[in-house]
Structure formats: C-alpha cells, structure tokens
Amino acid sequence: MKKYIIRAALHDETNEGWIWTTEHPSRTVVRIVGADGKQKIYCIARKIDDNFLNLYNQTPKEKRTLATLGKKCRINIDSNGEFPTVVMGQWYRDALGIAEKDRKEGPVSLDIRSFGCWPFSWWGAIRAAAHHPDIVVRIGISLGVLGFGLGLVALMPPLLRIFKIEELCQSYIVVVGSIIAGFIGWFSCRRPSIH
C-alpha cells in the first residue's frame, strides 16, 4: 500500500472510465485496491502532464462571481508534493470506500498496479469495462461476453461430431461447457460494490 492525495475529477470527466496519475503510462489498465484490501476496481490510467495540471489548477470562468473572485473552486494539484496525486471520479471513490472527509483530511492508502501482460491483458480490459461508471459500457460488455459464450456453446456440437464423440457424451459436454461459460461470463462482468 502506498499513500496518495485524492482529488475529484473535472466535471467533464466524472462519467469517464479512467483516473489520472503520475505513476503509470497513459491507457494502461490498472487494478486499485482500497485500504482495507476488500474493495477493488479496474480502470484505465492516464498520465498527469503539464497540460492537465494547467487545466485542473485554473479557476473555471463560469464559476467566477464577486463572492468567489480570487478564490479557487477546487483544490490545486501540487506536482511537487510529498505524496503522488490521483484524480478520480465519485464512482471510483465510492467503490473504493473513500469518504469525502478522508479525502480532504490527507493521504489515502491505495494499491495501484498495472494489470495484465500480453496473454491476459484482455481480462483486465473486460474488468475495466465492467467497472466503468457509464451503464451503457457495463451493459455492452455484459452483452458482448454473453454473445461470445453463446457462440462457443453453439460451436460445441459440430466440433464434437467432427471428433466422433458419442451422442450421450456430447449432451453432457455441452451442458457442462454452458455452465462453465456462464460462470466465467458472470465472474468477468461483476461490477464493483458501491457503498
């Protein structure tokens, strides 16, 4: 576990499936584990660069009024601070159990790691889509995995006939294969528990 300063995502990015961090290259799938080790999320990491810092640290023009003139609407990111900064939306903070008061009081313990190398990188992408804040993306990945599983189940009987496996065994293999495909599909498309 490492300590991070957590900042809220920009309004335009609250429904995006990524976080901003200085420690991972852009478009890397990461797994984030909360302080208690139970809450996990998968998402895309984007690299905090100078352009992002300039955009994040400026006061939005539409928020400026006489009462707020000279005041910042959000807390700046200090790129030279003691702890690295992570910018994430409310969806991911809720899924990790990060309360507003914890976020504002100081650093939060998280374990952020790149997920998956070549043969298993698809698993991280599926998990990241299943944990996406946008319901359309979550439904899309669920239907995609369901379609893939049904396609595999549909291919089983012709393949079993080609290999001349008995009819009775074909039925068992198809049923067992369907159950296994259904379990893998359910497991891969579980969404994070939001507290």
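The values are calculated or read from the model by the stated rules, or taken from the named source; none is laboratory data. Note that the structure is a prediction, hence the values are computed from the model and not measured. Cβ sites come from the backbone with ideal geometry, for glycine too, and all protein chains shown count toward neighbours. Only protein heavy atoms, including side chains, enter the accessible area calculation; ligands, DNA and RNA are left aside. Shrake-Rupley method; radii C 1.70, N 1.55, O 1.52, S 1.80 Å.
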Qualifying residue in the range 155-174 (condition: touching a helix residue (DSSP H, G or I) at 6+ places or on another chain (Cβ under 9 Å), modelled with pLDDT under 90 and under 16 Å from I44 (Cβ atoms)): no
Conditions (1) closer than 17 Å to G34 by Cβ; (2) at pLDDT 80 or above; (3) over 19 Å from the mean Cα position of the chain (by Cα); number of the one not met by E82: (1)
Yes/no for Y42 being open to solvent by less than 50 Å² (accessible area, probe 1.4 Å), at pLDDT 90 or above, within 16 Å of S79 (Cβ to Cβ) and touching a Phe, Trp or Tyr at 6+ places or on another chain (Cβ under 9 Å): no
Residues of the range 45-54 classified as touching a Lys or Arg at 6+ places or on another chain (Cβ under 9 Å) and open to solvent by less than 40 Å² (accessible area, probe 1.4 Å), total: 2
Every residue from the range 1-33 that is small (G, A, S) and either assigned to a strand (DSSP E or B) or surrounded by fewer than 19 Cβ atoms within 10 Å (Cβ to Cβ) (or both): A8, S26
Close pairs from the range 132-144: first of a type in the set (D, E), partner assigned to a helix (DSSP H, G or I) and open to solvent by less than 40 Å² (accessible area, probe 1.4 Å), Cβ under 6 Å, at least 6 apart: none
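Listed here are the residues, each with its yes/no results for (1) of a type in the set (G, A, S); (2) more than 30 Å from E82 (Cα to Cα); (3) within 18 Å of the chain's Cα centre (by Cα); (4) loosely packed, with under 14 Cβ neighbours inside 10 Å.
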position	(1), (2), (3), (4)
L159	no, yes, no, yes
I162	no, yes, no, yes
I173	no, yes, no, no
S188	yes, yes, yes, no
S193	yes, yes, yes, yes
